[in-house]
Amino acid sequence: MLCEPDGAFYALLQVRTRLSGLELVERLIREHGVAALPGESFGLPSSGGGAVLRLSYGLLAPEPLADALHRLCAAVASLAG
């Protein structure tokens, strides 16, 4: 399906973890095939006990978006804590 650019969806997700945002993103990519950006890249520092992720799922059809969010939730659940 070809989608014309019409905007994007961005979200910030705070994850309770001992990992920095960069460490969390690296593990999401390497271990789960899920891409995100660390909040630090946008001036959002990790808080004590958590990391911030910036997510973008713009221009995805409903089924790929649902799949992406399910994979993200499963990955974060396995790495949080």
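Taking all protein chains as they are arranged and a probe of 1.4 Å, the heavy atoms of Ser41 leave approximately 80 Å² accessible to solvent. For Leu79, the solvent-accessible surface with a 1.4 Å probe is about 20 Å², rounded to the nearest 10. Candidate values (i) 15.8, 60; (ii) 13.1, 42; (iii) 11.3, 34 were compared with Rg and Dmax of the Cα atoms in Å computed on the shown model; the agreeing label is (ii).
Here the gap between Arg18 and Cys73, fully extended at 0.36 nm per residue and compared with their Cα-Cα distance, gives a gain of 18.1 nm.
Based on protein heavy atoms only, the chain ends up with 66 Å² per residue of surface accessible to a 1.4 Å probe. Taking all Cα pairs closer than 8 Å and separated by 6 or more residues, the relative contact order of the chain comes to 40 percent. Where only DSSP H runs of four or more residues are counted, the chain gives -12000 deg cm²/dmol as its mean residue ellipticity at 222 nm, each run worth -39500 (n - 2.57).
The values are calculated or read from the model by the stated rules, or taken from the named source; none is laboratory data. As the structure is a computational prediction, the values presented were derived from the model and not from experiment. What goes into the accessible areas is simple: the full protein's heavy atoms, side chains included, and nothing from ligands, DNA or RNA. Shrake-Rupley method; radii C 1.70, N 1.55, O 1.52, S 1.80 Å.
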